[in-house]
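What follows draws every value from the coordinates through simple rules; no lab data is involved. Computed from a predicted structure; not experimentally measured. So basically every Cβ, Gly included, is an ideal-geometry build from the backbone, and we count neighbours across all protein chains shown.
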Amino acid sequence: MIQSREYKQNYLKEQIIDKCLNPEDFLRYCDTFKGGNIDEYTFEQLQYIVQTFQDLLIPNVSKEPETLNIEVSENTNDNDTYIRRISIEESKKKLDSNIYTINTTKLKENTLSSEEDIKITLGQVYESLDGALKGKNVYPVTSEPFGWIVERQVDDFVWLRKVLCNVFPGIYLPPSPPKRFRKSNDASNKQQYFLERFINAMTRNCILKRSTYLQSFLMEKDYQVFQEVKKKGKKLSKISRIEEYWTINGFVTCNLFNDESEKISLSEYLSVVESMKKKIKRASDEIINSLKSISNLIMEISKCYETLENVQTFISEVETYKPLYSSLKTSFTYWSEHELKSADLMKGYFNMFFKYGYYEVGPLKDIFCEREQKYENYEKAKSRLAQKKEKLWVGGDVGKWGLTNEDFWNASVLKNDKTLALSKMCKKESDYLILLRDEFAYINYQSKSEMLRVLKDNQLIENLHFTEFARSMCTHITKFHVIWGELIGSLSKIRTENNLSKVTTPRVSIKL
C-alpha cells in the first residue's frame, strides 16, 4: 500500500509539478470527484483525472471551442460510479496555466444595443422654462437614428458615469468634463463639446449600450421618471464578486501572469501619449494667439490702405490711386479675416480636441493603478497564507489547521501528506485568496484589453476628425486663393482703364 501511494505521488509530481501546473488547482479539480486524498483512487482513476485536468489546461487548438461532455467508461470497480459528467463550460476553462475564464451574468439586448451606429448631439445650453427642470440650465440631447430628444443637466452626466463605474468594474469610461473652465467667455461651448464626446464614447462601447441606465439617460423624456432611475442607480454599490459582473458573452477572461516588461511598456506608452497631447494642445494655443496677432497686424495694414484711399481726394488728378488702395484694403481685410478663421479652425480641430484627448488617458491610467493595487493585495495575502500554513504544518496541531468537517475526519491521511495538507488548511483564508487572485487576474487581462479597445476606437475617431479638418482646410485655402485672384483681376482692370484713358484723352494745342 505504501509503495502504491509513493508510486502515485511520483506520478503526480511528473504530471503536475514537473509540467509547471498548479498543484492547488489540481486538488480543487479533484474535489469535484472524491476529494484530494489519493488513497481513494485507483491508479487508473488517477490517470484519467490527470488527463482530463491537462485537457482543460491545454485545449486542442485545432477544434472550435464547444461544450465537451466527458464520460468515464464502465469499470468493474463500483467506486467508478462516483465520476460524473462534466462540462468545460461549467467550470473555469483554462486556456493555459495562467489564463482562464469565469462565468458571469449575461446582459440582454435592448433598443440601444440593436443599433451599431449611434450619434448623440447636444444643442446649446438654455434655461428650462417649465416642468421639473424649470429655472435649471439644461442641454437638449438628441439620439439618432432613434429620434430621442431629452433635457439633461451636467450633474446627470456625472451621475451616469458614477453608476456605470459601479456596474461595470474594469470597463473604461470616458472622463467627466470639468465643471469649470478657466476662460468663461466660451465655457458653455467647451462644456458642450466635452459632454458630447463623453456620451458618444459610451455609445460606441457594446457592453455599455446594453445598460438600462444609459438607455434611460438617452430616451426617458419624463424627468420625474428619470429621477426615479437616478435614485435607484445611486443606491447601487460597486459589484465585488466577479460572478456578478455584467458581460455580453456571460464570462470574463482572466490572466494570472504578471508581465512586468509589458506593464512598463504600456505605462510608458500612456505617459508619452498624455504628455504629447498636452504639448500639442499648448502649441495650438500659441498658434491661435499668433494667428490672432497676425490678423490684427494685417488689419492695421488694411486701415492704412483705407486712409491712403481717402486721402486721394486731395489730388483729383491722380485718379487711379484710389481704386488701387481700395482693392488693397479689401484684400487685406479678407486676409485678416482669413487668419481669424484659421485661428478658429485650430481651436475647433486642435485645441479642444487634444484637451479632451489628454483627459481621456486618465481613466486608462486609473485601470492600470487598480491593477497594481490588486496585484499587491494578492501577493501579500498569498505570502501571509503560505507562512501561516507552514507554521501550522510544523506545529502539527490538526485542530488549528482550519479544516472543514469532512477534511478533519481525514486528518490522519493529511498528516502523512504535506502537499495535500497544505491545500486543505485554512479553508476560509484560502477561499479569500482565490477571490483576490481572480480579482487581479481579471483586471490584469482587462487592463490591456480595454487599452487596446480604446486605442483602436480613438484611432478611428482621430482619423475621421482629421479627415474633416483636411477638408475644411482645403475649402479655407481655396477661399484664400480667391482673395488674391480677385486682387490680381482688380489691379489688371485698373491698369487697362488707365491705359485707355491715355489713348482717348484729346490733345490740346495752344495758339500764341
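Going from the fewest other Cβ atoms within 10 Å to the most, the residues Met473, Met352 appear in the order Met473, Met352. Straight-line reach from Lys493: taking Cα to Cα under 20 Å and skipping same-chain neighbours fewer than 8 places apart, the lysines in range are Lys322, Lys329, Lys502.
Mean projected area of the Cα convex hull of the stretch 263-504, taken over all directions, amounts to 19.3 nm².
Listed peptides 113-124, 165-176 appear in the order 165-176, 113-124 once ranked by packing, highest mean of other Cβ atoms within 10 Å at the front. Beyond 27 Å in Cα-Cα separation lie the following of the pairs Lys380/Lys456; Lys108/Lys190; Lys230/Lys380; Lys162/Lys456: Lys380/Lys456; Lys108/Lys190; Lys230/Lys380.
Gyration tensor over the Cα atoms of the stretch 112-255: the corresponding equivalent ellipsoid has semi-axes (square roots of 5 times the eigenvalues, largest first) of 27, 17, 16 Å.
Cut-off under 16 Å on the C-alpha distance; same-chain residues fewer than 8 positions from Lys13 excluded. Which lysines are left, in chain and number order? Candidates past the 8-residue exclusion: Lys418. A cut-off of 5 Å between modelled amide H atoms, ignoring neighbours fewer than 5 places along the same chain, links Gly402 with Cys426.
Going down the list Lys8/Lys34; Lys279/Lys479; Lys382/Lys448; Lys235/Lys355; Lys278/Lys365; Lys278/Lys341, which pairs span over 27 Å between their C-alpha atoms? Going by Cα-Cα distance, Lys279/Lys479; Lys235/Lys355 fall outside the 27 Å limit. Here the Kirkwood formula puts the hydrodynamic radius of the stretch 260-309 at 14.1 Å, using every distinct Cα pair.
Note on the stretch 341-447: semi-axes of the ellipsoid equivalent to its C-alpha gyration tensor, largest first and rounded to whole Å, are 54, 10, 8.
If you add up the charges near Glu260, with Lys and Arg at +1 and Asp and Glu at -1, over every other residue whose beta carbon is less than 14 angstrom from its beta carbon, what do you get?
-3
Taking a cut-off of 20 Å between Cα atoms, list the aspartates and glutamates near Lys136, but don't count ones fewer than 8 places away on the same chain. Partners within reach: Glu127, Glu151, Asp155, Asp156, Asp186, Glu196, Glu220, Asp222, Glu228. Between the stretch 357-425 and the stretch 108-123, the alpha-carbon centres lie 44 Å apart.
Working from Cα pairs under 8 Å separated by at least six residues, relative contact order for the stretch 263-504 is 25 percent. Given +1 at the Cβ of Lys and Arg, -1 at the Cβ of Asp and Glu and no other charges, the dipole of the stretch 263-504 around its Cα centre is 880 debye to the nearest 20.
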